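Here's the structure, in structure tokens; my notes come after.
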Amino acid sequence: MKASSLRWSLIALAAFSLSIAQSRAEAFRIEDVPSVTAVPPARMKAGTIFFSDRAGDKSENGETGLMRFEDWARVLPQEKRFLSLFPNYKEPMIKVSVHGIEKPYTEKLHMYVAKARFLIAKPADAIDLGRFVSLDVLETLDASIKHKRITADQARPNVDPQSAHNRNPDRRWCEAPQTLCIESRYPLEGRLPVGIRLANKLEEGAKKISEFMEFQTEIRVLPKQEIDQQGLASLTNLDTPVAGVLEQNLFEVNQVMQFGKLLTVLQPDPADRTKTVASVFMALGVETDVLQQKKEFANVPVLRNLIPVQVLMGRSSFNTGNSISAGLPDYVRHRIRAIAEMLEKSR
């Protein structure tokens, strides 16, 4: 190779290495804090996501780190109002068969709630949240989850009596303007499918555990007339006007949980209106029965690490990857980081 060619090759390699280093430096890092909403915007810095969840809160259930739904509604009514499927949401009343006789049964829930806050170097009114109401964008956020569009008549709570507890009393799911409604499918990864097959084989006659997570959601940008300025400012603990709200309501899940909500609130930085403070909340209503399934797994050596609560909270050797199979804490962190980076790149 000629000296000049070698020189240009080295320059190109150096430039490429620099670009990689810069892209990594620009990626968001997550910093765990006791309370996201207690962090003043003046303490925030570019490229950092402040994150908190309740996994380590000593006031909660020490084993799961989750809060009972009834306690959540009592202690944190403002969160319950905005992060449930609808403000007056209650634990589902379902029918179960006992010796061939149907009886009403309240499906008890535990809440996993995560909060994040980060800065975007762009004015709040210049950020287009509508770009998230797109199948292509959803695939970008997590390529391992596949989606397809559904209509209002395919949204199960709208038409199925078994899912009636998740019907929105104010409107039908999927009928609001500028709304994307989807059905999603996620195949559990790593060793989880093998463990599930073994668990299903050992539990003959019991309800089978699926190797897939399947769920239906509605994604939309709230119209300005629906934005509760005072209520959302109280939720975010930030008193600048709310410039935009993106919400995703998970109203049908095949197992593990009953509902979920992702809420993104954009507000101007109080000290610099050329920047935006983004507050992201994710709430998941996990079925308490799932958390209590221990004995049948703990007594089988190969399944001791498949205890549902351990898998759910990412504390099992069966956890893997960055998606749902990683457990809720890791999955939510990766999802929020992806949202932050997409908002940042939209500059």
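The values are calculated or read from the model by the stated rules, or taken from the named source; none is laboratory data. Treat the numbers as computed from the prediction; the structure is a model and nothing was measured. A quick note on method: Cβ atoms are made from the backbone with ideal geometry, for glycine too, and the neighbour counts reach across all protein chains shown.
Of the residues that make up the stretch 228-246, is at least one of a type outside the set (Val, Ile, Thr), surrounded by 20 or more Cβ atoms within 10 Å (Cβ to Cβ), at pLDDT 95 or above and within 24 Å of residue 68 (Cα to Cα)?
Checking the stretch 228-246: at least one residue is of a type outside the set (Val, Ile, Thr), surrounded by 20 or more Cβ atoms within 10 Å (Cβ to Cβ), at pLDDT 95 or above and within 24 Å of residue 68 (Cα to Cα).
Could you tell me which residue of the stretch 207-224 is nearest to residue 81 (Cα to Cα), considering only residues that are in a strand (DSSP E or B) and free of Cβ contacts under 8 Å to residues at least 60 places away in the same chain?
217
Pick out the one residue from 94, 49 that is touching a helix residue (DSSP H, G or I) at 6+ places or on another chain (Cβ under 9 Å), among the β-branched types (Val, Ile, Thr) and at pLDDT 90 or above.
The conditions single out 49.
Of 60, 31, 26, which residue is modelled with pLDDT of 90 or more and either on the phi < 0 side of the Ramachandran plot or under 21 Å from the mean Cα position of the chain (by Cα) (or both)?
31
Of these, 261, 294, which one is out of contact with any helix residue (DSSP H, G or I) (no Cβ under 6 Å at 6 or more places or on another chain) and at negative phi?
294
Please verify whether the stretch 170-185 includes one or more residues that are modelled with pLDDT of 90 or more, of a type in the set (Phe, Trp, Tyr), within 20 Å of the chain's Cα centre (by Cα) and at negative phi.
Yes, because at least one residue in the stretch 170-185 is modelled with pLDDT of 90 or more, of a type in the set (Phe, Trp, Tyr), within 20 Å of the chain's Cα centre (by Cα) and at negative phi.
Just a yes or no: is a residue in the stretch 180-190 in contact (Cβ under 8 Å) with a residue 40 or more places away in the chain, outside any helix (DSSP H, G or I), among the acidic types (Asp, Glu) and surrounded by 13 or more Cβ atoms within 10 Å (Cβ to Cβ)?
Looking for residues that are in contact (Cβ under 8 Å) with a residue 40 or more places away in the chain, outside any helix (DSSP H, G or I), among the acidic types (Asp, Glu) and surrounded by 13 or more Cβ atoms within 10 Å (Cβ to Cβ), one finds at least one in the stretch 180-190, hence yes.
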